[in-house]
Amino acid sequence: MTANAPITQDVLTLPRKLPEGGKRSLVGLTRAQMAEALAQIGTPERQAKMRVGQIWQWVYHWGVQDFASMTNLAKGYRDQLDAAFTLDRPEIVSRQVSEDGTRKYLLRIAGGHEVEAVYIPEENRGTLCVSSQVGCTLTCSFCHTGTQKLVRNLTAAEIVGQVLVARDDLGEWPEPGAPKNETRLVSNVVLMGMGEPLYNFDNVRDAMKVVMDGEGLSISRRRITLSTSGVVPEIARTAEEIGCLLAISFHATTDEVRDKLVPINKRWNIKTLLDVLRDYPRISNSERITFEYVMLKDVNDSDADARRLVRLIAGIPAKINLIPFNEWPGAPYQRSDWARIESFADIVHKAGYASPIRTPRGEDIMAACGQLKSATERGRQSRAEIAAQTGA
Ligand code: SAH
Ligand code: SF4
């Protein structure tokens, strides 16, 4: 199949690029880390800051992928950079485009592992959903990624690399001399792909610092949303050290049900989670927290659940994102009926909270929330095997 085939789903398989062995990537380093890396190849300390500024602009403003294009650096210095460092992005193994315009990228990273990133175009914005881990250590029972054991954390380079790859593919880098384009294709980033971002805190934080940097990708912290299943000890740090918007995979209104759906609840229960959330908006200076709530038929979708939900979150500035369950092969749940979802939304709305129902995007290419799972690791372990290992 080719990118132009008149079908609902196109699959593009791109030529492979061999990874360059041994070289350190400059992508994903903070400015301080990059200065240090440059010092290690002999860049005089007094020049390092300026060099970082120059390289930063090339990589994150102009999107160049090789040192040879950095024409404001001396030829000898470019060669030196090229000998020591790489600017490689994760390799695109395949790209699928949904009939609704959603693009799903399957990316190969060092070690031959694969992760997915999803681009979701909307009328007034474009959101890139990025992964933070290969697989996930957690085993939420409704999530496809949760059936895949954790393989490893992504590096900051690999997280930033997902943004670079999407901009490459969308042709979003500016042309020199062209008028500034105010409409951004990748205007928002959500950490809602594979993995639990707060179990890879340092790399996620460093990557987001790069993504937010005003002289590069320049995506404001208010356009970045980190979604967590509820790693309580890292939530205050997220407010302090990243300052982005927060989404919580809440999904249930009693500990009994949440223990089953989001097993991390056995470690940090609903009350403990809500207590720490009350401080988030103030510390991060953000307006409100998004509560994600997956609608599972006859499991968590009753009117009583809706009423309990609004009682629980009373006092927290919040928006409730209702997510119709996205099915995957072998999933043990069904999506709630539409009328049920609307009735739930209505109760939440009448209590004074925005309660949008998230339209599933990219369903035809399995790109919707919770459907991501990389083929290389697919089927490696059954849920029973994971449970036996984790004692869940
Ligand atoms: N690990 C993080 C972020 C990734 S999941 C977290 O759990 O928050 C992104 C969102 O999709 C979460 O709210 C998750 O609970 C939800 N999700 C997972 N599987 C889903 C499915 N099959 N249908 C709908 N939403 C799902
Ligand atoms: Fe991991 Fe999030 Fe899926 Fe839970 S919902 S298994 S935390 S990716």
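The values are calculated or read from the model by the stated rules, or taken from the named source; none is laboratory data. Note that the structure is predicted; figures quoted are calculated from it, not measured. Note that we place each Cβ from the backbone using ideal geometry, even for glycine, and neighbour counts take in every protein chain shown. Quick note on the areas: whole protein, heavy atoms, side chains included, nothing else; ligands and nucleic acids left out. Shrake-Rupley method; radii C 1.70, N 1.55, O 1.52, S 1.80 Å.
Taking the Cβ-Cβ separation of residue 359 and residue 79 as r and a Förster radius of 45 Å, what is the calculated FRET efficiency to the nearest 0.05?
0.35
Please state the relative contact order of the chain as a whole percent: Cα pairs under 8 Å, 6+ residues apart?
16 percent
Add -39500 (n - 2.57) for each DSSP H run of 4 or more in the chain, then divide by its residues: what number comes out at 222 nm, to the nearest 500 deg cm²/dmol? Please report the intermediate quantities before stating the final value.
Working: 11 runs with 110 residues, N = 392.
Helices in the chain give a 222 nm mean residue ellipticity of -8000 deg cm²/dmol.
Any idea which of 69, 276, 159 is furthest toward the positive side of the dipole for the chain, if Lys and Arg beta-carbons carry +1 and Asp and Glu beta-carbons -1?
Result: 276.
Please list, in order along the range 103-117, the HN-Hα scalar couplings obtained from phi with the Karplus expression 6.51 cos²θ - 1.76 cosθ + 1.60 (θ = phi - 60°), rounded to whole Hz, x for Gly and Pro.
10, 10, 9, 9, 10, 9, 10, 3, x, x, 6, 10, 9, 10, 10
Once you keep just the Cα pairs under 8 angstrom separated by 6 or more residues, what percentage relative contact order results for the range 181-287?
25 percent
Give me log10 I(q)/I(0) at q = 0.11, 0.12, 0.14 Å⁻¹ for the range 91-390, Debye formula, one equal scatterer per alpha-carbon, no solvent.
With one equal scatterer per Cα and no solvent, log10 I(q)/I(0) is -0.64, -0.77, -1.07.
Toward the positive end of the charge dipole of the chain, about the Cα centre and with charges on Cβ (Lys, Arg +1; Asp, Glu -1), which of 331, 245, 35 goes farthest?
Of the options given, the answer is 35.
With a 10 Å cut-off between alpha carbons and a GNM built on the chain, which of 207, 178, 306 moves the most?
For the chain, modelled as a Gaussian network with Cα springs under 10 Å, the answer is 178.
Protein chains only, probe 1.4 Å: how do 69, 229 rank by accessible area, largest first?
Sorted by accessible area, descending: 69, 229.
How far apart, in nm, are two points set 7 Å out from the Cα along the Cα-to-Cβ line at residue 125 and at residue 222?
Computed distance between label sites residue 125 and residue 222 equals 1.0 nm.
Just to be sure I understand: of the beta bridges DSSP finds with both ends in the range 91-390, what percent are antiparallel, rounded to 5?
Taking every DSSP beta bridge with both residues in the range 91-390, the antiparallel ones total about 50 percent.
In terms of Cα to Cα distance under 30 Å, which lysines are near enough to residue 23, apart from those fewer than 8 places away along the same chain?
49, 75, 104, 149, 209, 373
At R0 = 51 Å, how high is the FRET efficiency between residue 282 and residue 303 if r is their beta carbon distance? Nearest 0.05 is fine.
About 0.95, to the nearest 0.05.
With the crude spin-label approximation of a point 7 Å out along Cα→Cβ, what separation in nm comes out for residue 340 versus residue 69?
So the label points at residue 340 and residue 69 sit 5.1 nm apart.
Could you give the length gained by full extension between residue 187 and residue 36, i.e. 0.36 nm per residue of separation minus their alpha carbon distance, to one decimal place?
Taking residue 187 through residue 36 to full extension adds about 51.3 nm, to one decimal.
Search the structure for amide H atoms under 5 Å from the amide H of residue 325, placed 1.01 Å from N in the peptide plane, and list their residues when 5 or more places away or on another chain.
Excluding prolines and chain starts, which carry no amide H, the hits are 295, 336.
Determine the dipole magnitude for the range 178-254: charges of +1 sit on the beta-carbon of Lys and Arg, -1 on that of Asp and Glu, nothing else is charged, the reference point is the Cα centre, and the result goes in debye to the nearest 20.
Dipole about the Cα centre, nearest 20: 300 debye.
Would you work out the charge dipole size for the chain about its Cα centre, treating the Cβ of every Lys and Arg as +1 and the Cβ of every Asp and Glu as -1, and quote it to the nearest 20 debye?
For the chain, the charge dipole is close to 620 debye.
Whole number in Å², please: accessible area per residue of the range 19-86, 1.4 Å probe, ligands, DNA and RNA not counted.
52 Å²
How high is the relative contact order of the range 19-86, in percent, with contacts defined as C-alpha pairs under 8 Å that are six or more residues apart?
It comes to 42 percent, rounded to a whole number.
Only four residue types carry charge here, +1 at the Cβ of Lys and Arg and -1 at the Cβ of Asp and Glu. Report the dipole size of the range 19-86 about the Cα centre in Debye, rounded to the nearest 20.
Details: 8 positive and 6 negative charges, 40 e Å.
I would put it at about 200 debye.
Before I look further, what does the range 91-390 give for accessible area per residue, probe 1.4 Å, in whole square angstrom?
Each residue of the range 91-390 exposes 40 Å² on average to a 1.4 Å probe.
So what's the gap between the Cα centers of the range 332-351 and the range 73-115, to the nearest angstrom?
The range 332-351 and the range 73-115 have Cα centres spaced 41 Å from each other.
Of all accessible surface on the chain at a 1.4 Å probe, what whole percent is carbon and sulfur?
51 percent
How big is D for the range 19-86, in µm² s⁻¹ as a whole number, if Stokes-Einstein is applied with the Kirkwood radius of its Cα pairs at 20 °C and 1.002 mPa s?
Details: Rh = 12.0 Å.
The Stokes-Einstein estimate is 179 µm²/s.
Each residue of the range 278-289 in order: what ³J(HN,Hα) in whole Hz does its phi give by Karplus 6.51 cos²θ - 1.76 cosθ + 1.60, θ = phi - 60°, with x for Gly and Pro?
Each residue of the range 278-289 in turn: 4, 8, 4, x, 5, 5, 8, 6, 10, 6, 8, 9 Hz.
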